[in-house]
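The values are calculated or read from the model by the stated rules, or taken from the named source; none is laboratory data. Treat the numbers as computed from the prediction; the structure is a model and nothing was measured. Here the Cβ positions follow ideal geometry from the backbone for every residue, glycine too, while neighbour counts run over all protein chains shown. Note: accessible area is taken over every heavy atom of the protein model, side chains too, but ligands, DNA and RNA are not part of it. Shrake-Rupley method; radii C 1.70, N 1.55, O 1.52, S 1.80 Å.
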Amino acid sequence: MRRIVTAAALAASMLVLTAADAPAGRGNPQFEGADPHAIVIGRELWVFPTGGPGGSWQADRFGAFSSGDLRQWRPRGVLIRRDQIGWIGDDGAREHFLWAPAVATRGGKWYLYYSVGPQNPTPSRIGVAVADRPEGPYRDSGRPLVTGGNGFEAIDPMVFVDPRSQRTYLYAGGSAGARLRVWELTPDMTRTAREVPVAQPQHFTEGAFMHERGGVYYLSYSHGRWNGPDYSVHYATASSPVGPWRYRGRILASDAGHQGPGHHSFVRGPDGVWLIVYHRWERKAGPAPFKGERVIAIDRVRYARDGAIAPVRMTDGAAAPVWPTRGR
């Protein structure tokens, strides 16, 4: 997540990967960034984080990065800029920032969902833009998809196409209100068809993600303060993408050398191995709030026979997964 309120603080808080900075064969951490949404496209893993290429990170655009081995990363350019979103200033707020993107594809089109904030003094909003290719350029739909208010913060979108019903669901919300809401989207992916009432997952704060494995639907999410040591990933399971949820526990938490792991995504590799892509601070335990750069890391996910997710062990350097991951 985020919660940085000035452009100067944003610029100082994080640098984004450029072609000249691309890490060569180091493994974790993969590169600087936050809030990664990962998706397999062809034989590559693509990561869509908060921020974009072109120097300092100022939350005014989105970029993407792809890799065929989880060692060499290729910047994919700018997807969309803040000044290309025509409705962004309609709330009258002095400043606006973009964060927490999510990507989905359907019918040969690509859809980029994103948070626009801050929440105060006006409500946060979620937008959607459309492209013909995953790297864009994306064209904004012309209106907010969801607007916050009345105790709901419209942040952290995640869109899931149910492989069984082919219905598409938007998951969003959290942080200050710690409230999750779910909508079914229209077939064009740019409007909500109806809201689906859901129970609030245990320990939910923000950053919801949905994936399905073997007929089990896994709702995972971040818990705790985004810049503190309690930030962590928890999960619940259900027999449908909208619950009811059964809380299953915490699977990713701070350790001796890494703090505040969270705002993640799950992805299944071309060899069938599951990975979790998330951000963390490279530091020992200490007082919050944490400052400086967050980094994106990738680690392997292991499932028990009953479908439970084993606690994830964070790795460094060459111990991080490679792509494909078979035999690791």
Based on the mean of other Cβ atoms within 10 Å per residue, sort peptides 194-206, 60-72 so the most packed one is first.
60-72, 194-206
Hey, can you grab everything whose amide H is under 5 Å from the amide H of ASP230? Only 5+ residues off in sequence or another chain; H modelled, so Pro and N-termini drop out.
ARG225
Quick check on segment 91-204: take the gyration tensor over C-alpha atoms, sort the square-rooted eigenvalues as a ≥ b ≥ c, and tell me if it's rounded (a/c under 1.5), prolate or oblate.
oblate
Carbon/sulfur accessible area of segment 211-258, % of total, 1.4 Å probe, equals 49
Of ARG294, ARG164, ARG248, which is the most mobile in a GNM of the chain whose springs link Cα atoms less than 10 angstrom apart?
ARG164
Where does segment 79-118 land on Rg(C-alpha)/(2.2 N^0.38 Å)?
1.34
Which residue fluctuates most in the GNM of the chain (Cα springs below 10 Å): VAL233, VAL78, VAL128?
VAL78
Once you compute Rg and the Kirkwood Rh from C-alpha atoms, what is the Rg to Rh ratio for segment 221-262?
1.10
Full extension from ASP162 to ARG191: what is 0.36 nm times the residue separation minus their Cα-Cα distance, to one decimal in nm?
8.7 nm
Using the eigenvalues of the Cα gyration tensor, what equivalent ellipsoid semi-axes result for segment 44-153 when each is taken as the square root of five times the eigenvalue, whole Å, largest first?
25, 15, 12
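How long is the gain from ARG305 to ARG26 if the chain were fully straight, where each residue apart is worth 0.36 nm and the alpha carbon distance is subtracted? Intermediate values should be presented prior to the final figure.
Working: separation 279, 0.36 × 279 = 100.44 nm, distance 3.24 nm.
Result for the pair: 97.2 nm of gain on full extension.
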With charges set only on the Cβ (+1 for Lys and Arg, -1 for Asp and Glu), what does the dipole of the chain come to about its Cα centre, in debye to the nearest 20?
600
Virtual spin-label span in nm between ARG246 and VAL322, 7 Å along Cα→Cβ:
3.8
Residues meeting the amide H criterion for HIS37 (H placed from the backbone, H to H distance under 5 Å, 5 or more places apart or on another chain) are PHE48
Charge dipole (debye, nearest 20) of segment 76-214; +1 at Cβ of Lys and Arg, -1 at Cβ of Asp and Glu:
280
Rg [Å, one decimal], Dmax [Å, integer] - segment 124-269, C-alpha atoms
15.5, 46
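Over the chain, with the other protein chains present, what is the accessible area per residue in square angstrom, probe 1.4 angstrom? Before the final figure, lay out each step's value.
Working: 12930 Å² over 328 residues.
Here the residues of the chain average 39 Å² of exposed surface.
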Hull volume per residue for segment 171-212, using the convex hull of the C-alpha atoms, in Å³ is 94
